[in-house]
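The values are calculated or read from the model by the stated rules, or taken from the named source; none is laboratory data. Values in this document were obtained by computation on a predicted structure and should not be read as measured data. Because the Cβ atoms are built from the backbone with ideal geometry, glycine has one as well, and the counts that use them run over all protein chains shown. Protein only, heavy atoms only, side chains kept; ligands, DNA and RNA dropped before computing areas. Shrake-Rupley method; radii C 1.70, N 1.55, O 1.52, S 1.80 Å.
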Amino acid sequence: PCAGPVESKTEAAMSELVPESRQKPVVPMKPMGINANLLGYIGIDTIIEQMRKKTMKTGFDFNIMVVGQSGLGKSTLVNTLFKSQVSRKSSGWNREEKIPKTVEIKAIGHVIEEGGVKMKLTVIDTPGFGDQINNENCWEPIEKYINEQYEKFLKEEVNIARKKRIPDTRVHCCLYFISPTGHSLRPLDLEFMKHLSKVVNIIPVIAKADTMTLEEKTEFKQRVRKELEVNGIEFYPQKEFDEDLEDKTENDKIRQESMPFAVVGSDKEYQVNGKRVLGRKTPWGIIEVENLTHCEFALLRDFVIRTHLQDLKEVTHNIHYETYRAKRLNDNGGLPPMTVETEENHESNL
């Protein structure tokens, strides 16, 4: 008679040990290919128009830096690029003024509007670069400035009550002006690009290309490309950031044929065959800035503004800024160190 409860106990124990048979997890079905011929109009394609309207309302930032020796036409070229006086007339100095002992960084902001699209353009000039007898480490103030803009953006980003739209002062593009010697790059050119190519998008430009013959220009471009390759210097567009085959094909053509762009800048207009053109007047004729048979300014403008402007911004954010951010947060255990200013902000946020 007492065997019954013992058996029931053992059965209960066994049932605890033996796992219950569970149902197999339901595997989600693969999405079926939807036929392009829908039964009616949905309106998915309006997302592009929605994005366009939003961008037109808010506008966008673009920050361009120009680096090179005085007298290479940096300010003039930027004025030519944006067809307005966005840069100072000259970064040189009068005889009465003292020659700057170190590189100065001067940023000038403008709002340019075209076709209803607003762009907040900032031109960062670097007067004094490469003008000294001893140019050792003269790129350091420029590198410091670029990193300071990343730091400023990072501090805004890690705030508890951060702004909906963080002001973007990061340098999206650096035009590096190479002197048209026709020989080779100077050690200063190589050192600058070697140090700065890791933190900013560098686009090499041969300034005042009208001082060379067509043969000299072609040879010089090839020599510069070879020297950059030998020294392992990456310039924009970098090979490893090509997203697909179409981008790779387009960028390979730019890297192998166009770089560095041999340009002529001018913000003066002249009459040529009944048309107003930007150009430089010489005793033997007018050099038309936007004529591809005269110089490659049109290629540079199309590259920086019309085809790769958004990509310059994306590479700056996703590659250069992310590299800085990861290193900065890793070095400081997750957050930037608290200064008096950040402590006050932190308390006010709380």
Original post:
Which FRET efficiency value, to the nearest 0.05, do you get for residue 53 and residue 322 by plugging their Cβ-Cβ distance into 1/(1 + (r/R0)^6) with R0 = 35 Å?
Top reply: 0.75
Subject >> Relative contact order for the stretch 61-331, counting Cα pairs under 8 Å that sit 6 or more residues apart, in percent >> reply: 18 percent
Original post:
To the nearest 10 square angstrom, how much accessible area does residue 243 have with a 1.4 angstrom probe?
Top reply: 150 Å²
**OP:** Send over the semi-axes of the stretch 133-218's equivalent ellipsoid, whole angstrom and largest first, taken as the square roots of 5 times the C-alpha gyration tensor eigenvalues.
**Re:** 35, 15, 8
**OP:** Starting from the Cα gyration tensor of the stretch 118-159, take the square roots of the eigenvalues, sort them a ≥ b ≥ c, and report rounded, prolate or oblate (rounded when a/c is under 1.5, otherwise prolate if a/b is larger than b/c, else oblate).
**Re:** oblate
Subject >> R0 of 30 Å, Cβ-Cβ distance residue 306-residue 269: FRET efficiency to nearest 0.05 >> reply: 0.90
**OP:** With θ set to phi - 60°, apply the Karplus curve 6.51 cos²θ - 1.76 cosθ + 1.60 along the stretch 157-163 and write out the HN-Hα couplings as whole Hz, x wherever there is a Gly or Pro.
**Re:** 5, 8, 4, 5, 9, 7, 5
**OP:** Would you please give the residues with an amide H less than 5 Å from that of residue 178, counting only those at least 5 places away or on a separate chain, with H modeled from the backbone geometry?
**Re:** 205, 206, 207
Original post:
Taking a ≥ b ≥ c as the square roots of the eigenvalues of the Cα gyration tensor of the stretch 61-331, is the shape rounded (a/c under 1.5), prolate (a/b larger than b/c) or oblate?
Top reply: rounded
**OP:** Calculate, for residue 330 and residue 60, the FRET efficiency according to 1/(1 + (r/R0)^6) with r their C-beta to C-beta distance and R0 41 Å; round to the nearest 0.05.
**Re:** 0.85
Original post:
What residues of the stretch 148-190 lie in the reach of a label at residue 227, counting those whose backbone N is under 11 Å from a point 7 Å from the Cα along Cα→Cβ?
Top reply: 178-190
